[in-house]
Amino acid sequence: MHNPQLNQHGELQHLLTTEGLPKSIVNHILDTAESFVSIGNREVKKVPLMRGKSVFNLFFENSTRTRTTFEIASKRLSADVINLNIAASSTSKGETLLDTIDNLAAMHADMFVVRHAQSGVPYLIAKHLHDTKQNHVHVVNAGDGRHAHPTQGLLDMYTIRHYKKDFTQLRVAIVGDILHSRVARSDIHALTTLGVPEVRAIGPKTLLPGGLEQMGVRVFNDMDEGLKDVDVIITLRLQNERMSGALLPSAQEFFKSYGLTPERLALAKPDAIVMHPGPMNRGVEIDSAVADGPQAVILSQVTFGIAVRMAVMSILASN
Amino acid sequence: MKPIQQFDAEALYGELARQINLALGHLDNVAVVGIYSGGAWLAERLVKDCHIEHPPGYIDVSFYRDDYAQKGLPPEVKPTNIPFNVDGATIILVDDVLYTGRTTRAAINELFDYGRPAQILLASLVDRGGRQLPYAADFVAQTLSLPANLSLQLTRETNAADVSQRESRLVLSLVDKDESTPTNN
């Protein structure tokens with residue numbers, strides 16, 4: 001099947017999802033990111049790779065961390081970044097999404113970083129660029145609906161590799177609202193590609209999507225049981241804004257059963273790391289004592305996220 | 001790829017180290033920075049053999065190359081590491097082979113993103129001519145004139161019985177690029 005992310009030479013043309021992303025490309029991104037990490041410590045935190053290129057941040061859905069880190073990553077690569085205020089732009093005046101894209105491409109955009117509440121929007125844009133023969137323009141999915149958030153998935157892989165070195169001996173637990181989480185999906189695909197032998201999903205039945213077992217994931221409804229002997233815990237935010245209907249009695253109830261407390265963390269391996277894609281709800285999915293504790297690597301994830309996004313953009317821009 | 005000719009890289013290195021040692025008498029705050037990969041091996045040895053006070057620095061110029069738009073990023077980029085304060089330092093920049101000067105330009109640009117050196121001196125085992133930019137080496141062990149299809153490659157042969165880097169032997173081979181897949185040299 002044609003993979004819309006790859007060009008005819010098998011190189012990365014767009015980054016849309018971690019699903020089906022070849023292991024060699026994942027490793028190339030992580031290796032390249034490693035060289036970008038140290039740039040943050042230099043006098044001049046910039047390299048000239050994307051000098052003269054224009055990156056358009058199209059965030060149809062709110063985001064602070066992701067948009068900011070994409071902006072920093074673009075600037076450290078010396079690209080020009082244009083942040084579009086979508087709410088006040090032409091789409092609200094009735095212009096279609098693809099007309100907006102064509103207009104921006106006519107302004108010589110080289111890359112679109114797209115976030116949208118609807119799954120599949122970055123695909124739609126990539127397909128449109130292909131159909132209109134604008135193959136010099138690249139698309140990075142910065143989160144689409146419940147579907148995928150590939151740069152978050154890759155920065156999670158970078159973080160795990162940084163602390164654990166080898167993927168092939170790990171037990172990784174993803175905890176909480178997996179149903180609404182594009183991060184969980186991107187993590188699961190990337191973890192599987194990198195050869196993690198055991199991926200667990202922990203959460204109440206109402207917040208676990210169907211088909212997890214088919215993805216090779218072990219499902220646990222009991223948190224204590226699921227956390228036993230894991231090396232990595234990825235806690236997810238309870239996505240109240242995406243919930244409709246009575247999936248949960250209350251946030252307090254959720255914390256009682258699935259909040260990551262120091263007592264529960266003690267069930268994992270003693271050197272287990274705790275990750276969270278942010279924003280955190282303290283006292284809902286994670287206890288402050290854990291979030292601020294020695295095993296949390298949540299702020300490292302943010303720092304690594306810049307380097308991983310630099311790697312993705314610089315690899316795309318040269319293909 | 002079968003080499004057309006092999007050079008005694010150890011003898012060339014000895015000559016380069018001798019020239020640098022002579023110059024060190026009237027230089028202050030000296031540091032050595034090697035360009036990956038050949039230059040990095042040379043820098044490592046020069047720091048030991050010439051008793052340089054700063055630890056060696058290493059540069060991977062991939063993020064500063066002028067052919068990125070055509071060639072993209074190489075599959076393996078090594079982290080640049082400059083473990084001393086560049087401001088006011090006299091930096092001896094080391095590459096194995098000096099050719100077009102484009103690698104030198106990229107390396108100098110990168111160094112300036114770490115600070116403002118007092119002086120940069122260029123050292124190279126071989127100057128093979130063919131410059132496309134106005135750079136000249138301050139220290140060079142041998143000058144050659146080679147046609148474009150030939151390439152000089154520095155490799156390190158480690159004696160299996162002794163894996164310490166100090167004991168590894170440098171070999172400089174002349175190869176015909178047209179006879180095989182091109183390297184990024």
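Rounded to the nearest 10 degrees, the inclination of helix A:121-131 to the longest alpha-carbon principal axis of chain A is 30 degrees.
Let's see if you can work this out: charge +1 on each Lys and Arg Cβ, -1 on each Asp and Glu Cβ, no other charges. What is the dipole magnitude of the protein assembly as shown about its Cα centre, in debye to the nearest 20? Can you show the working numbers first?
Details: 48 positive and 56 negative charges, 163 e Å.
Approximately 780 debye in magnitude.
The C-alpha atoms of chain A define a longest principal axis, and helix A:182-193 lies at about 90 degrees to it. Net charge near residue B:72, counting Lys/Arg +1 and Asp/Glu -1 over other residues with Cβ under 11 Å of its Cβ? Neighbour charge sum, excluding residue B:72 itself: 0.
How high is the FRET efficiency between residue A:261 and residue A:23 when r is their beta carbon distance and R₀ equals 45 Å, given to the nearest 0.05?
Numbers: r = 36 Å, r/R0 = 0.79.
The pair residue A:261/residue A:23 has a calculated efficiency of 0.80.
In segment B:28-121, what % of DSSP beta bridges are antiparallel (nearest 5)? Close to 10 percent.
For the pair residue A:215 and residue B:146, what calculated FRET efficiency results from E = 1/(1 + (r/R0)^6), where r is the Cβ-Cβ distance and R0 = 45 Å, to the nearest 0.05? Spell out each step's value before the answer.
Numbers: r = 56 Å, r/R0 = 1.24.
Here the calculated transfer efficiency is 0.20.
Remark: relative contact order (chain A) = 21 percent; criterion is Cα-Cα distance under 8 angstrom and separation of 6 or more residues. Principal-axis analysis of the Cα atoms of chain A puts helix A:298-318 at an angle of about 30° to the longest axis.
Going by how many other Cβ atoms sit within 10 Å of their own, how do B:46, B:121 line up, fewest first?
Details: B:46 24, B:121 18.
In order of increasing Cβ crowding within 10 Å: B:121, B:46.
The sum of -39500 (n - 2.57) across all DSSP H runs of n ≥ 4, divided by the residue count of chain B, sets its helix-only mean residue ellipticity at 222 nm to -7000 deg cm²/dmol.
Placing +1 on each Lys and Arg Cβ and -1 on each Asp and Glu Cβ, with no other charges, gives segment A:214-319 a dipole about its Cα centre of roughly 360 debye. Of the DSSP H helices in chain B, not one has a Cα length along its own long axis of 15 Å or more together with a mean Kyte-Doolittle hydropathy reaching 0.5. Straightening the chain between residue A:224 and residue A:165 buys 18.6 nm, computed as 0.36 nm per residue apart minus the Cα-Cα spacing.
Using alpha-carbon pairs under 8 Å, 6+ residues apart, how would you state the relative contact order of chain B in percent?
Numbers: 358 pairs, mean separation 45.7, N = 185.
Result for chain B is 25 percent.
Amide H contacts under 5 Å for residue A:177: A:236, restricted to partners 5 or more places along the chain or on a different chain, H placed in the peptide plane at 1.01 Å from N.
For segment A:103-209, which trypsin sites (Lys or Arg not before Pro) are both in a DSSP coil and crowded by at most 15 other Cβ atoms within 10 Å?
On the way: sites: A:115, A:127, A:133, A:146, A:161, A:164, A:165, A:171, A:182, A:185, A:200, A:205; in loops: A:133, A:146, A:165.
The qualifying sites are A:133, A:165.
Ordered by the count of other Cβ atoms within 10 Å of each Cβ, fewest first, B:4, A:82, B:35 give B:4, A:82, B:35. Between segment B:85-161 and segment A:252-319, the C-alpha centres lie 44 angstrom from each other. Using C-alpha pairs below 8 Å separated by at least 6 residues, the relative contact order for segment B:30-111 is 40 percent.
Report, ordered by chain and residue number, the lysines lying within cross-link reach of residue A:228, taken as a straight Cα distance under 20 Å and ignoring same-chain residues fewer than 8 apart. Cα-Cα hits under 20 Å: A:164, A:205, A:256, A:269. Modelled this way, with points 7 Å down the Cα-to-C-beta line, the labels at residue A:198 and residue B:6 are 5.1 nm from one another. For segment A:1-139, lysine pairs with C-alpha atoms less than 23 angstrom apart, excluding pairs fewer than eight positions apart on the same chain, total 6.
Taking A:289, A:272, A:142 as the candidate residues, the one with maximal mean-square fluctuation in a Gaussian network model of chain A, Cα springs under 10 Å, is A:289. Report, ordered by chain and residue number, the lysines lying within cross-link reach of residue B:2, taken as a straight Cα distance under 29 Å and ignoring same-chain residues fewer than 8 apart. Excluding near neighbours in sequence, the set is B:71, B:78, B:177. If R0 is 56 Å, the Cβ-Cβ spacing of residue A:127 and residue B:26 corresponds to a FRET efficiency of close to 0.30.
When A:215, A:50 are ordered from fewest to most other Cβ atoms inside 10 Å of their Cβ, what list results?
On the way: A:215 14, A:50 27.
Ascending number of Cβ neighbours within 10 Å: A:215, A:50.
Residues whose amide H falls under 5 Å from that of residue A:142, counting only those 5 or more places apart or on a different chain, are A:114, A:115, with hydrogens built in the peptide plane. The distance between label points at residue B:49 and residue A:119 comes to 6.3 nm (points 7 Å beyond Cα on the Cα→Cβ vector).
Laboratory data are not the source of any read-out in this text; all were calculated from the coordinates shown. Everything numeric in this text was worked out from a predicted model, so none of it was measured. Positions of Cβ are backbone-derived with ideal geometry, glycine not excepted, and every protein chain shown enters the neighbour counts.
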